[in-house]
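Here the structure is laid out as structure tokens; the discussion comes afterwards.
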Amino acid sequence: MEKADFFKSSFSIGEEEKGDEFQELLLALPQQRNRNGSTSLYLYQGFWCPSEATLKAIISFQRHFQAQETDLILASSPKSGTTWLKALAFMIVNRARCALNESPLLTTSPQELVPTIEFDLYMRSQCPNLEDLPCPRILSTHIPFASLPGSIKDSKCRIVYVCRNPFDQFVSYWHFLLHLPHENVEPLSLDESFELFCKGVHAFGPFWDHVSGFWKASLERPDKVLFFKYEDMKADIIFHIKRLAEFLGLPFSEEEGKKGVIEEISRLCSFETLKDLEVNKYGKQVYGTPNSAFFRKGKVGDWANHLTPAMAECLKKLIEGKFGASGLTFEMSC
Ligand code: A3P
């Protein structure tokens, strides 16, 4: 099946949320230098927006997005395993539409199959045409739970959140930013970035508020919000594929079980398979980011190769303090 059959939508690039109102808001918001060194972070509704353009897009998203009951929203902090979740959700939802070995996932990047609402939709147009997206619409976002548009929180649409231990998430994001265009500005060093991360100053952070918001929502409304951890997925992906399919109301049949469909989806969505596909090796995102930047090591515990024992101890204490009473813990190694 052609990717166009899955992803038909027309966008007009260039329309932007403009005007005095936005400029006034911008001036009023606290700012910090971003970790890529070339843009500012803006503290908006208690979280750090990674650029002025992203803030515009988020405001348009909040104002104009209308959720449908069948929507599936994949939510995450950047570098928590979003690409993996996108691939899995796409394969589970579309498994009856075409043979697995002819899936668009083999020729199209997961980022394109499952657009990120603030970057891929509302940054290109204030009111993108989302009506032509195939049903159910699978979309992703990095916005914290509290700031999601009311229609997402109040409708029957489903949300799947993936989180990752903050050590690996921080290290992964630091590497990712090295791939982004820097306009001749030196990106922040690992030490500088780490200091900001520990203050909660990073894209869509603070980390602990982001995770806690979705964690609480998943406890209060387990039928609406499914909470995954990257490390748990690494430990038992078959269990998580089944769980995701059941949550979406698309459980695997006995026949699919016998045919090995779940194992095949796991294999096609694995780090090793996706990383080696032509499209993910050589393709680029609309804004120039190479698709390969979304596939680095795909491991639990790589942080130990980058953070000093002192940094690790400092972050460990911080995280224990932030999550202590919540019952939420993180696996740091495999
Ligand atoms: P590393 O930088 O630690 O390798 P996101 O998709 O949220 O941007 O997160 C990217 C991180 O997930 C990267 O981590 C990337 O290598 C890893 N990743 C991407 N695809 C994966 C997959 N199919 N399975 C496991 N990890 C994956």
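The values are calculated or read from the model by the stated rules, or taken from the named source; none is laboratory data. Fair warning: this is a prediction, and the values are worked out from it, not measured in the lab. Here the Cβ positions follow ideal geometry from the backbone for every residue, glycine too, while neighbour counts run over all protein chains shown. Surface areas here come from the heavy atoms of the whole protein model, side chains and all, with no ligands, DNA or RNA. Shrake-Rupley method; radii C 1.70, N 1.55, O 1.52, S 1.80 Å.
With the structure loaded, tell me whether LYS234 is charged (D, E, K, R) and away from the ligand (no atom under 16 Å from the Cβ) or whether it fails that test.
Numbers: charged (D, E, K, R): yes; away from the ligand (no atom under 16 Å from the Cβ): no.
So LYS234 does not fit the description; no.
For the stretch 256-266, which residues satisfy the criterion of being surrounded by fewer than 16 Cβ atoms within 10 Å (Cβ to Cβ) and of a type outside the set (D, E, K, R)?
GLY257, GLY260
Evaluate the stretch 182-192: report whether one residue or more is assigned to a helix (DSSP H, G or I), surrounded by fewer than 15 Cβ atoms within 10 Å (Cβ to Cβ) and among the aliphatic types (A, V, I, L, M). Please lay out each step first, then the result.
Filtering the stretch 182-192 down to residues assigned to a helix (DSSP H, G or I) leaves 190-192.
Still in the running and surrounded by fewer than 15 Cβ atoms within 10 Å (Cβ to Cβ): 191-192.
Within this subset, residues satisfying the condition of being among the aliphatic types (A, V, I, L, M) are none.
Checked the stretch 182-192: no residue is assigned to a helix (DSSP H, G or I), surrounded by fewer than 15 Cβ atoms within 10 Å (Cβ to Cβ) and among the aliphatic types (A, V, I, L, M).
Answer with yes or no whether PRO78 is in contact (Cβ under 8 Å) with a residue 40 or more places away in the chain, touching a Phe, Trp or Tyr at 6+ places or on another chain (Cβ under 8 Å), over 25 Å from ASP302 (Cα atoms) and part of a loop (DSSP other than H, G, I, E, B). Outline the logic, then answer.
Numbers: in contact (Cβ under 8 Å) with a residue 40 or more places away in the chain: yes; touching a Phe, Trp or Tyr at 6+ places or on another chain (Cβ under 8 Å): yes; over 25 Å from ASP302 (Cα atoms): no; part of a loop (DSSP other than H, G, I, E, B): yes.
In short, no.
Return a yes/no flag: does the stretch 197-205 have any residue that is open to solvent by 10 Å² or more (accessible area, probe 1.4 Å) and more than 20 Å from the chain's Cα centre (by Cα).
Checked the stretch 197-205: at least one residue is open to solvent by 10 Å² or more (accessible area, probe 1.4 Å) and more than 20 Å from the chain's Cα centre (by Cα).
Can you name the residue in the stretch 187-224 that is without any contact (Cβ under 8 Å) to a residue 60 or more places away in the chain and among the hydroxyl-bearing types (Ser, Thr, Tyr) and is also farthest from ALA146 (Cα to Cα) among such residues?
Filtering the stretch 187-224 for residues that are without any contact (Cβ under 8 Å) to a residue 60 or more places away in the chain and among the hydroxyl-bearing types (Ser, Thr, Tyr), the one farthest from ALA146 (Cα to Cα) comes out as SER189.
Looking only at helices (runs of 4 or more DSSP H) that fall completely inside the stretch 267-334, which ones have 1 or more residues that are within 10 Å of the ligand (Cβ to nearest atom), of a type outside the set (Lys, Arg) and open to solvent by 50 Å² or more (accessible area, probe 1.4 Å)?
Working: elements: 271-276, 278-282, 309-323.
Here the list reads 271-276.
Determine if the stretch 55-72 includes at least one residue that is within 15 Å of the ligand (Cβ to nearest atom) and touching a residue at least 60 places away in the same chain (Cβ under 8 Å). Step through it out loud before you land on a result.
Quick first cut of the stretch 55-72, residues within 15 Å of the ligand (Cβ to nearest atom) only: none.
No, the conditions are met nowhere in the stretch 55-72.
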